[in-house]
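The values are calculated or read from the model by the stated rules, or taken from the named source; none is laboratory data. Every value quoted in this text rests on a predicted model; they were computed, and no experiment measured them. Positions of Cβ are backbone-derived with ideal geometry, glycine not excepted, and every protein chain shown enters the neighbour counts. Quick note on the areas: whole protein, heavy atoms, side chains included, nothing else; ligands and nucleic acids left out. Shrake-Rupley method; radii C 1.70, N 1.55, O 1.52, S 1.80 Å.
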Amino acid sequence: MENIYLAIPLASLIGAIIAGFMGKQIGRAGAHTVTIVGVGISFILSLMALNHIVFNGGAIYNETVYTWMVSDGLRFEVGFLIDHLTVMMMAVVTGVSLMVHVYTIGYMADDPGYQRFFSYISLFTFSMLMLVMSNNFLQLFFGWEAVGLVSYLLIGFWYKKETAIYANLKAFLVNRVGDFGFILGIAAVVMYAGSLDYVEVFQKAPQISNQTMSIGLSEWSVITVICILLFIGAMGKSAQVPLHVWLPDSMEGPTPISALIHAATMVTAGIFMVARMSPLYEFSETALGFVMVIGAITALFMGLIGIVQNDIKRVVAYSTLSQLGYMTVALGVSAYSAAVFHLMTHAFFKALLFLAAGSVIIAMHHEQDMRKMGGLKKYMPITWITSLIGSLALIGVPGFSGFFSKDSIIEAVHYSNVPGSDLVYWMVVAGVFITAFYSFRMYFMVFHGKERMDQHTKEHLHETPWVVTLPLIALAIPSVIIGWLTIEPMLFGGYFADSIFVKESHNVLAAFGKDYHGQWAMIQHAIFALPTWLALAGVGLAYYLYIINPDMAEKLKTILSPAYKLLDRKYWVDEIYFATFADGGRGLGKGFWKLGDVALIDGFIVNGSARVVGWFAGVIRHVQTGILSHYAFAMILGLIALLALFVK
């Protein structure tokens, strides 16, 4: 099994290297073949690992593969921790990545950077696998930064497009803010635990929880500081408020990477990391409360922005932000299993929605404005039905995968005693209505109602090729059934018992499990529960405003103009950041230039020394008269001075 575990990330890496460095030699077909084969091997081997650990009861693998350096007893290693949480993440990452690779053949068919794109997405798969398979903080940080780097390359893939360059720079800078907190958290772990190894650090968590450190004028719990710093990294990577601003702009990259990076894998890295660090977070209720509140704010307020978006990809992007908020809320109430469960189900239906949006964009000749679509159902039946399935899963219709995971989170919050959980419960419940409204607003505007595209586009509308539709069908299947099949073991069957630690006093899922009596019982309960009716209300309102009475939507926009402007400008967060950090940074730089360069260096040192020399030369110039008697008189004065000094 050790060789299999090693081959899983290396297969994707080898494909990326061949496509990247030998792209011209092997051509387009060679590039997509070698990367798909590489990721396919990773996927098959991941399924073998899943079968070995989960179904055959295989032993957890926690070994060092390579020791890079030992410094003062601190070991810097590459190692793998393969347990139930890891194999689930490996299967999701490689499975979604394989579908995206196949889909890319059709979506990027005419792009001149075809081979480069396949190299990047295969390299991303390798980076993500190194992150989730790590057994120590060093390798975690390597994978963490590697996915950030490849994300930067993919968002700015169309490097001649100014908006894409702006977006990838924005993503890079915002993530550096989060990563600064993340590396400080790792430094604090090393300082107080003396190790980078997960198991050794987790064993020392109770001891660390009793220690304090001085920050400013107050004493802070060390474990709280570590957890909050690590979560700041997660806030950047998983796009939580206030470090969320990069993700919507990242839609400037090609659609396949929106599905791969910003729906299923990279943005869930923060969720995975906090779940993995549960033995630390369980010792800090302050950190848990902080995580819960940040998640609730993201879930509610980012969902509201999705209501006013007209770009089809940005609607799905804000949906991703909102759903990541739900996962973060679950982490904050110690329902780590529910968070990871929603991470898994969300990966399938959100990747499906992104790829379906890409299918629509291809058919519409790369038009992304939903106001120029409508009535696509009869032209694109496969894209239509798969989009409907993805939307139903997203809003949590009873029976679909998203229902089981999202309702589990809502119930977990309901059972929680973390301070503030009562308010957070109503925030996540309100988010159900908002999610249903913006999801079906998009669905109705794209696939139903009046056809608003131009005549030329209408004449050439047709379903996209099989390399595009086949991944849609493949992702639609788990979007329907995966929740039903996995809720029992993942939430109530102890699936994560070897991976996630929860204190008995925090175990909200155990309390929920007492009232849980199977999938059918959960569905029957949901039929009469508030979230289901709110979801139906959201769908009904979207149907009325965008199918029955579309004029009313425009009237409401005028009536609610202040609210619409607030959401359309995204609460002016981008403007505030730009004024504070971009303009502020430029202003600070200009101030340093004027003070340091102009005044100090040029003015005082360079020009000042020149002025002193000029002044001195001007004074000396008057002594040099050219009259012999003056020089003789000066010599006599000098001689008298010497005699006065040396003759006594």
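Could you tell me the calculated FRET efficiency between residue 65 and residue 26, based on Cβ-Cβ distance and R0 = 30 angstrom, to the nearest 0.05? Mind showing how you got there, number by number?
Numbers: r = 29 Å, r/R0 = 0.98.
E between residue 65 and residue 26, to the nearest 0.05, is 0.55.
Give the Cα extents of region 36-143 along the principal axes, in whole Å, largest first.
Largest first, region 36-143 extends 54, 37, 17 Å along its Cα principal axes.
Quick one: which residues, 5 or more positions from residue 452 or on another chain, have an amide H under 5 Å from its amide H? H modelled 1.01 Å from N in the peptide plane, none for Pro or chain starts.
373, 374
Using alpha carbon coordinates only, what is the Rg to Rh ratio of region 471-573, with Rh defined as the Kirkwood radius? Write down the numbers at each step before the final one.
On the way: Rg = 20.8 Å, Rh = 18.2 Å.
A ratio of 1.14.
What FRET efficiency, computed as 1/(1 + (r/R0)^6) with R0 = 45 Å and r the Cβ-Cβ distance, is obtained for residue 581 and residue 611, rounded to the nearest 0.05?
Details: r = 39 Å, r/R0 = 0.86.
About 0.70, to the nearest 0.05.
Among 629, 543, 520, which residue has its Cα furthest toward the positive end of the charge dipole of region 513-648, with +1 on Lys/Arg Cβ and -1 on Asp/Glu Cβ?
Final value for the positive-end residue is 629.
Which percent of the accessible heavy-atom area of the chain goes to carbon and sulfur, probe 1.4 angstrom? All intermediate terms of the calculation are to be shown ahead of the outcome.
Working: 18840 of 27500 Å².
Here it works out to 69 percent.
Dividing the alpha-carbon radius of gyration of region 300-441 by 2.2 N^0.38 Å (N being the number of residues), what value is obtained?
On the way: Rg = 15.7 Å, N = 142, 2.2 N^0.38 = 14.5 Å.
Rounded to two decimals, the normalised Rg is 1.08.
Can you list the aspartates and glutamates whose alpha carbon sits under 18 Å from that of residue 557, skipping same-chain ones fewer than 8 residues off?
Correct list for residue 557: 311, 369, 568.
What FRET efficiency would be calculated for the residue pair residue 54, residue 470, taking the C-beta separation as r and a Förster radius of 35 Å, to the nearest 0.05? Intermediate results must be reported in sequence, preceding the final value.
On the way: r = 27 Å, r/R0 = 0.78.
Efficiency, from the Cβ-Cβ distance: 0.80.
Taking the Cα centre of the chain as origin and charging only Cβ (+1 Lys, Arg; -1 Asp, Glu), how large is the dipole, in debye to the nearest 20? It would help to have the intermediate numbers written out before the result.
Working: 36 positive and 39 negative charges, 352 e Å.
Value, rounded to 20: 1700 debye.
Go through 143, 641, 119 and say which Cα lies farthest out towards the positive end of the charge dipole of the chain; charges sit on Cβ, +1 for Lys and Arg, -1 for Asp and Glu.
641
Among the listed pairs 313/514; 313/406; 161/350; 237/458; 160/590; 170/565, give every one whose C-alpha distance is greater than 32 Å.
Numbers: 313/514 40 Å; 313/406 22 Å; 161/350 26 Å; 237/458 40 Å; 160/590 29 Å; 170/565 23 Å.
Among 313/514; 313/406; 161/350; 237/458; 160/590; 170/565, the Cα-Cα distance tops 32 Å for 313/514; 237/458.
I want the local charge near residue 588. Using Cβ-Cβ distances under 14 Å, sum +1 for each Lys or Arg and -1 for each Asp or Glu among the other residues. Before the final figure, lay out each step's value.
Details: positive: 586, 590, 594; negative: 583, 597.
Here the charged neighbours net out to +1.
Taking the Cα centroid of region 158-191 and of region 505-538, what is the distance between the two, rounded to the nearest whole Å?
Going from one Cα centre to the other spans 38 Å.
Which of the chymotrypsin sites (Phe, Trp or Tyr not before Pro) found in region 507-577 are in a DSSP loop and have at most 14 neighbouring Cβ atoms, other than their own, within 10 Å?
Working: sites: 512, 516, 520, 528, 533, 543, 544, 546, 564, 571, 572, 577; in loops: 516, 528.
Sites meeting the loop and neighbour criteria: 528.
When Rg is the radius of gyration of the Cα atoms in the chain and Rh is its Kirkwood radius, what does Rg/Rh come to? Could you put the intermediate results ahead of the total?
Working: Rg = 30.7 Å, Rh = 26.9 Å.
The Rg/Rh ratio comes out at 1.14.
Starting from the Cα-Cα distance between residue 592 and residue 552, subtract it from 0.36 nm times their residue separation and give me the gain in nm to one decimal.
Values: separation 40, 0.36 × 40 = 14.40 nm, distance 5.43 nm.
So the extension gain works out to 9.0 nm.
Measuring from centroid to centroid over Cα atoms, what is the spacing of region 569-648 and region 1-51 in Å?
Cα centres, region 569-648 to region 1-51: 64 Å.
Counting only other residues whose beta carbon sits under 11 Å from that of residue 414, what net charge do I get with K and R as +1, D and E as -1?
Numbers: positive: none; negative: 407, 411, 422, 515.
Around residue 414, the surrounding residues sum to -4.
Could you give the accessible area per residue of the chain, probe 1.4 Å, as a whole number in Å²? The partial results should precede the final answer.
Values: 27500 Å² over 648 residues.
That works out to 42 Å² per residue.
Work through the residues other than residue 86 whose Cβ is under 12 Å from its Cβ and net out their charges, Lys, Arg +1 and Asp, Glu -1.
Numbers: positive: 276; negative: 83, 498.
In short, -1.
How far, in degrees from 0 to 90, does helix 401-415 lean away from the longest principal axis of the Cα atoms of the chain, to the nearest 10?
In the chain, helix 401-415 runs at an angle near 70 degrees to the longest axis.
Beyond 17 Å, how much of the Cα-Cα pair distribution for region 88-190 remains, as a whole percent? Don't skip to the end; give the middle numbers.
Working: 3158 of 5253 pairs.
The calculated P(r) of region 88-190 puts 60 percent of pairs beyond 17 Å.
Counting just the Cα atoms, what span does region 507-648 cover along each of its three principal axes? Round to the nearest Å and put the largest first.
119, 49, 17
Taking the alpha-carbon distance from residue 377 and a cut-off under 13 Å, which aspartates and glutamates remain once sequence neighbours fewer than 8 residues away in the same chain are dropped?
Output for residue 377: 451, 463.
Would you mind calculating the gained length between residue 116 and residue 142 on full extension (0.36 nm times residue separation, minus the Cα-Cα distance), in nm to one decimal?
Extra length available between residue 116 and residue 142 comes to 7.1 nm.
For the chain, what is the mean residue ellipticity at 222 nm derived from helices alone (per DSSP H run of n ≥ 4: -39500 (n - 2.57); sum divided by total residues; nearest 500 deg cm²/dmol)?
On the way: 30 runs with 445 residues, N = 648.
Using -39500 (n - 2.57) per qualifying helix, the result is -22500 deg cm²/dmol.
Which angle between 0 and 90 degrees, to the nearest 10, do you get for helix 607-623 versus the longest principal axis of the chain when only C-alpha atoms count?
Once rounded, one gets 10 degrees.
Relative to the first principal axis of the alpha-carbon coordinates of the chain, what is the inclination of helix 162-193, with its axis defined by its Cα atoms, in degrees from 0 to 90 and to the nearest 10?
Orientation of helix 162-193: about 80 degrees from the principal axis.
Sort 44-54, 426-436, 482-492, 551-561 by packing, meaning the average of other beta carbons within 10 Å per residue, with the highest value first. Working shown, then result.
Details: 44-54: 18.4, 426-436: 21.8, 482-492: 20.1, 551-561: 11.4.
By packing density, highest mean first, the sequence is 426-436, 482-492, 44-54, 551-561.
When a/c is below 1.5 the answer is rounded, else prolate if a/b is larger than b/c, else oblate, so apply that to region 370-499 with a ≥ b ≥ c taken from the square roots of the Cα gyration tensor eigenvalues.
On the way: a/c = 4.13, a/b = 1.80, b/c = 2.29.
Note, shape of region 370-499 comes out oblate.
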